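Here's the structure we're looking at; comments come further down.
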Amino acid sequence: MSNLETITRQLVEALLRLDSPGVGALLDGLRPLAGGGPSLDDVVVPALERIGRDWEEGRVSLSQVYMAGRICERAVERLLSPDRPVRGDRPKLGIAVLEDHHALGKRMVKSALRAAGYQLQDYGHGRRPQELVEMALRDQVDVLLISCLMLASALRVSEVVAGLQKAGSPIAVVVGGAPFRLEAQLWKEVGARAVGRNSAEAVAIVRSLAEREPWA
Ligand code: B12
């Protein structure tokens, strides 16, 4: 069993025992960002996915899923990278969870971008497509990052893209979250410009868009 699998299994066990100090101790040794050795993304995401699957198959209760999410949120919050000095005012970024209320992934992506020196408008979670269009247009963001954990929410990204197109806006929509990891072509189907699997990819995508786009 690889090191990563061992830590993930130990994390699942600690989460299901509601052992917050144990979770903290396991996560303490990890790097905050994905890439080059076990990171928070590499361990927290598969551990919670495993708990989600166990819930789907009736082996754990929804309250255990809830508590696991809460314990991770608290532990991750403590470990996220500090913000770096801001690079300048472009690109302007906005981030939100569309429709659903699974906010941990957004929190991790936001932190990674801030640690890379980008400023973001956080539009929160549970947002409706039209609300998000209005907020992004109001703030004239260059990139709108959308996180979705439920398939029904992911499908509604197409309404955000259509709303922006109707307003003649060039805002690039970048998506991420479980449904997009499960269905490789879904991001294209909903009209997004790019998809990222973790917080490090979110940073890489914003960087590469900033190189290609005519933002001042
Ligand atoms: C924890 C959890 C909860 C917690 C949420 C706590 C919280 N504050 O966030 C609670 C218990 C509240 C909950 C509730 C529900 N949940 Co829930 N939940 C989960 C679980 C187990 C883990 C999610 C998580 O936090 N993962 C860890 C984070 C860090 O990972 P992540 O969000 O994927 O983010 C990473 C990447 O995806 C990426 N990323 C994320 N966003 C973005 C955005 C961009 C732009 C980029 C580039 C990258 C990126 O970077 C992140 C870091 O690596 C998932 C299982 C799963 N497979 O994901 C189910 C899951 C999402 N839930 C599910 C369901 C059904 C529900 C409920 C409807 C259950 C119910 N009957 O009430 C409710 C709905 C609540 C709502 N309206 O939103 C289903 C969805 C199924 C579907 N097909 O849509 C899942 C998949 C479980 C399952 N296997 O069935 N849930």
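The values are calculated or read from the model by the stated rules, or taken from the named source; none is laboratory data. The structure displayed is predicted, hence computed values, not measured ones. Every residue, glycine among them, receives a Cβ derived from its backbone with ideal geometry; neighbour counts consider all protein chains shown. Remember, those area values only see protein heavy atoms, side chains included, never the ligands or the DNA or RNA. Shrake-Rupley method; radii C 1.70, N 1.55, O 1.52, S 1.80 Å.
Just a few scattered comments:
- Top of S147, S63, S20 by mean-square fluctuation, Gaussian network on the chain, Cα under 10 Å: S63
- In the chain, taking the dipole from charged Cβ atoms about the Cα centre, the farthest positive-side position among L26, V173, H101 is held by V173.
- Per-pair calculated FRET efficiency, R0 = 30 Å: E57 and R138 via Cβ, rounded to 0.05: 0.10
- With all protein chains modelled, accessible area of D54 [1.4 Å, Å²]: 30
- If you plug the beta carbon distance of R17 and A184 into 1/(1 + (r/R0)^6) with R0 = 22 Å, you get a FRET efficiency near 0.05.
- For L145, residues with placed amide H under 5 Å, excluding near neighbours: G94, I95, A96, V174
- Each Lys and Arg adds +1 at its Cβ and each Asp and Glu adds -1 at its Cβ; summed about the Cα centre, the chain shows a dipole of about 360 debye.
- Antiparallel %, DSSP beta bridges [both residues in the chain], to 5: 0
- The H on the amide N of H125, modeled in the peptide plane, is under 5 Å from the matching H of V97, each at least 5 residues off or on a different chain.
- Total charge dipole magnitude, the range 93-212, about the Cα centre, Cβ charges on Lys, Arg, Asp, Glu only, Debye to nearest 20: 200
- Relative contact order computed over the range 93-212 (Cα-Cα under 8 Å; 6+ residues apart), in percent: 28
- Karplus-derived HN-Hα couplings along the range 40-47 (A = 6.51, B = -1.76, C = 1.60, θ = phi - 60°), whole Hz, x at Gly and Pro: 4, 4, 5, 10, 5, 4, x, 5
- Rounded to whole Hz, the Karplus (6.51, -1.76, 1.60) HN-Hα couplings of the range 83-93, x for glycine and proline: 5, 9, x, 5, 6, x, 8, 10, x, 8, 10
- For the chain: span of alpha carbons on each principal axis (Å, largest first): 51, 38, 26
- The range 38-68: GluC sites (Glu not before Pro) falling in loop per DSSP and having at most 16 other Cβ within 10 Å: E57
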